[in-house]
Amino acid sequence: MTNNIASDAPFDAAQKELVAFVAAAMIPADASRNMPAADHPRILRDILQTAVAAELAAICAYVNRLAHNVLGCDFARANFDQKNELANNLAGSNAPEVRGFVSLVVQCYFRDDRVLGALGLEARAPFPKGYDVPTGEWDLLETVKRRQPFYRVVDR
């Protein structure tokens, strides 16, 4: 049994700092479009509330391992330039921890009202009103339709 109660914050200050820095490196602010960075307090709060504690702990551990390998210190002890170097290393990573974190950040970022407004979308749920989707060029799928199957057919 755990000593935590439901109101306990599952993430410590170092984890929050790491998450905020990496999220902002992924999606920086764009003043020309009035778009906030992914470390904006409201978006960061959404990231931390949406995150599964184990998955967020995994990305923090991954970044700290990378920091030790690249910089020889923990992320928290790195200076700003070193942290940027780590963020650049993460950008090319295909590690499961990174992919999951990218998905989480993007999901939380694009449900922020200000981001939706800057993109010209109403800040509302898609249902029941829905959104109009422009008709695309279906001819682009012809090469996919002609491709040989790359999967195993299962007998029914």
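Observations
- Residue within segment 63-79 that is assigned to a loop (DSSP other than H, G, I, E, B) and aromatic (Phe, Trp, Tyr) present: no
- Lone unmet requirement of (1) under 29 Å from Leu119 (Cβ atoms); (2) touching a residue at least 24 places away in the same chain (Cβ under 8 Å); (3) part of a helix (DSSP H, G or I); (4) among the aliphatic types (A, V, I, L, M) for Ala57: (1)
- Taken together, Ala87, Ala118, Ala95, Ala76 contain a single residue that is surrounded by fewer than 18 Cβ atoms within 10 Å (Cβ to Cβ), in contact (Cβ under 8 Å) with a residue 24 or more places away in the chain, over 17 Å from Ala25 (Cβ atoms) and not β-branched (Val, Ile, Thr), which is Ala118.
Any read-out appearing in this document is the output of simple, stated calculations on the displayed coordinates, not a laboratory observation. The structure displayed is predicted, hence computed values, not measured ones. Glycine gets a Cβ as well: all are built from the backbone with ideal geometry, and neighbour counts include every protein chain shown.
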